[in-house]
Amino acid sequence: MPTKPLRVLVLGGTGEARCLAERLVADERISVITSLAGVTREPRSFAGALRTGGFGGAKGLQTFVVDERIDLLIDAAHPFAAQISANAAKASRGSGIQCLRLERPPWELQEGDRLTNVPDVQAAADAIPRGARAFVTVGRQDVAAFLVREDISVVARMIEPPDVAVPDHAEIILARPPFALADEKALMETKGISVLVAKNSGGTATEAKIVAARELSLQVIMVVRPEKPPVPTAADVDEMVDLIEGELG
């Protein structure tokens, strides 16, 4: 008699989530659903089943995993998606269904970095010196805090346009990672950037901007990651697949 497939729910939103879905779909012992919050209006395609939209908090997620007979919950959301990760941990505790987290390591300070760590986006906006030309890469949902600074000029890059009005002292660049180092350096030099603002997302897709700022001796204002509930965590897709193999026995 065939063994029932392991039903896995992946909370996506990252490149690692897409890669993980591809790996899991290729395994006939696993049935995978990837869930996206719906923040990105035109997300890239995912292997396997896909759902879009919220669950209605931790309780709604708990109800979903029970009703859908999910065997394993994988939090592969963005490192700054603290609420999603908190909901996943609560749903896991409430349902008794194991939760694993796939989260890439943060970037580490290196020689030559002119780095200022700040606790949140508002602190990052406040830390930009008057008269600076800031390259802001915190995403469309958090860009408003920078656009109200009339004493600086802003070049903000994001995947999709912001939902707020863009003042004359700001420029929006729409682009999707990954980004090459040569292109990042050229952009910063052409735009006359004096300070880079970023979230410590980690990974290779957007690391080139950090390296470019280092090589150009630019100030970097970095938003540190939020605290998340402790769950078993893998740093990359291969490590996560090993953890899932353990769940399969």
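The values are calculated or read from the model by the stated rules, or taken from the named source; none is laboratory data. Treat the numbers as computed from the prediction; the structure is a model and nothing was measured. Backbone-built Cβ (ideal geometry, glycine too); neighbour counts: all protein chains shown.
Across region 216-241, the number of residues qualifying as surrounded by 14 or more Cβ atoms within 10 Å (Cβ to Cβ), under 30 Å from Leu6 (Cα atoms) and more than 18 Å from the chain's Cα centre (by Cα) comes to 1.
Residues in region 178-201 that are basic (Lys, Arg) and at pLDDT below 95: there are none. Based on what the data block shows, is Pro167 in the same structural domain as Gly131 (by TED's automatic domain parsing) and at pLDDT below 95? No. Residues in region 125-138 that are closer than 12 Å to Val154 by Cβ and of a type in the set (A, V, I, L, M, F, W, C) were compared, and the one that is nearest to the chain's Cα centre (by Cα) is Val138.
Test Ile244 against the stated conditions and say whether it is more than 19 Å from the chain's Cα centre (by Cα), crowded, with 18+ Cβ neighbours inside 10 Å, assigned to a loop (DSSP other than H, G, I, E, B) and not charged (D, E, K, R). Against the criterion (more than 19 Å from the chain's Cα centre (by Cα), crowded, with 18+ Cβ neighbours inside 10 Å, assigned to a loop (DSSP other than H, G, I, E, B) and not charged (D, E, K, R)), Ile244 does not qualify. In region 89-113, what count of residues is obtained for those that are surrounded by 14 or more Cβ atoms within 10 Å (Cβ to Cβ), over 19 Å from the mean Cα position of the chain (by Cα) and not in a helix (DSSP H, G or I)? Summing the residues that are surrounded by 14 or more Cβ atoms within 10 Å (Cβ to Cβ), over 19 Å from the mean Cα position of the chain (by Cα) and not in a helix (DSSP H, G or I) in region 89-113 gives 3.
If only residues of region 2-42 that are among the β-branched types (Val, Ile, Thr) and part of a loop (DSSP other than H, G, I, E, B) are counted, the one that is modelled with the lowest pLDDT is Thr40.
If you go through region 100-128 and keep only what is over 25 Å from Ala144 (Cα atoms), among the basic types (Lys, Arg) and out of contact with any Gly (no Cβ under 7 Å at 6 or more places or on another chain), you end up with just Arg101. If you go through region 167-190 and keep only what is surrounded by 15 or more Cβ atoms within 10 Å (Cβ to Cβ) and in a loop (DSSP other than H, G, I, E, B), you end up with Pro177, Phe179.
For region 43-52, the candidate set comprises residues that are crowded, with 16+ Cβ neighbours inside 10 Å and of a type in the set (A, V, I, L, M, F, W, C); within that set, the residue that is modelled with the highest pLDDT is Leu50. Which residue, of Thr204, Thr233, is within 21 Å of Cys19 (Cβ to Cβ) and at pLDDT below 95? The conditions single out Thr204. In region 53-88, the qualifying residues are those that are free of Cβ contacts under 8 Å to residues at least 24 places away in the same chain and assigned to a loop (DSSP other than H, G, I, E, B), and the one that is surrounded by the fewest Cβ atoms within 10 Å (Cβ to Cβ) is Gly53.
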